[in-house]
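First comes the structure, then the notes that go with it.
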Amino acid sequence: MTNLKPNFTSAALSLFTQLKRLSLLTLCLSPLTALAHLEKNIDLNGGHYDYYGEYHCHQQACRQAPSRYSFSTRLKTSINTRDQEDFYNKDDWPHWMMVSQCQTVRIQILEATSVVPVSWTNPRNCEIREGKWTDPYTGEEFVRAARLEIDHIIPLSYANAANGYQWDDQKRMQFANDPLNLIPVSRDINRKKRDRGIGSWRPPEEDFHCEYAAAWRDVSTKYDLDLFIRDRSRVNNILEDCDIPERDFEDESLKREVRVNGIPLPL
């Protein structure tokens, strides 16, 4: 299908309105049952963390990582692409959790962000076939859900490489499924972004830079995530020219709202 580039401002406002349908969505995620030592897959480094937060090597070239609970240490003081990839284990960051019958967080995000009623691939409404979405990263418009992916604005491997590896299972699962950090974008742009921080990658659509930087700021604030210096500086530099106030996460009234289009609207 041919990609069209609509008026970005009107499309974003329309998407903002549609996401209000998610205002009552809450992620009632039960505590994640920790995986036993032998049940976990190993990361690219050749090891993994056990239930007690200790890192175990299982391959000869494996480099030892600090305990999850050694708060005086971190995986690194500046982002390193190799370490970011090597020490990230998907088993530690379970996402697309089931929240309603056969629907995952991913499906509910897609349904809420479509500006038209979606069509489904089956009578149980488990998978979306078509709708209408505007990718805020590029401004492109899409109809087929299969052409979209849900991006973690702050990538999971980035969070893990910062201080996220020190979080408990429940907090990592909540971060991985939080609508505040999720946004539907095209498969192509998501793969171009990969797991890069805001210091090395911004959306091609410049009109979205303020909202993108605000999302980085507010998600990191909500979870006490220590952004790396380069990314923290980039966020501050971008927001100097933006009029998006910080969110007060102590305000209980904000917890029932959902972010739209990357714009921080706390759940």
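Cβ crowding within 10 Å ranks Ile229, Ile153, Ile244 as Ile229, Ile244, Ile153, fewest other Cβ atoms first. In whole angstrom, region 164-209 maps to an equivalent ellipsoid with semi-axes of 24, 12, 10, each derived as √(5λ) from the alpha carbon gyration tensor and ordered largest first.
Neighbour counts of C-beta atoms inside 10 Å place Asp224, Asp231, Asp169 in the sequence Asp224, Asp169, Asp231, starting with the fewest. Convex hull of alpha carbon positions in region 172-239: directionally averaged projected area 4.7 nm².
Kindly put Asp195, Asp243, Asp135, Asp178 in sequence by how many other C-beta atoms sit within 10 Å of each C-beta, fewest to most.
So the ranking, lowest neighbour count to highest, is Asp243, Asp195, Asp178, Asp135.
Taking 24 Å as the limit for the C-alpha separation, the pairs Lys90/Lys222; Lys40/Lys222; Lys90/Lys132; Lys40/Lys192 exceed it in the case of Lys40/Lys222; Lys90/Lys132; Lys40/Lys192. D by Stokes-Einstein for region 77-217, Kirkwood Rh over Cα pairs, 37 °C, 0.692 mPa s: 205 µm²/s.
Here's how it looks for Glu127: its modeled amide H is under 5 Å from those of Thr121, Asn122, which are all 5 or more places away or on a different chain.
A full extension of the chain between Val116 and Lys90 corresponds to an added length of 6.1 nm, given 0.36 nm per residue minus the alpha carbon distance. Overall shape: oblate for region 98-157, with the ratio a/c of the largest to smallest alpha carbon gyration tensor axis at 1.5 or above and b/c at least equal to a/b.
Coordinate-derived values only; no laboratory data. Worth saying up front: this structure is predicted, and the values here are computed from it rather than measured. Note that each Cβ is placed from the backbone with ideal geometry, even for glycine, and that neighbours are counted across all protein chains shown.
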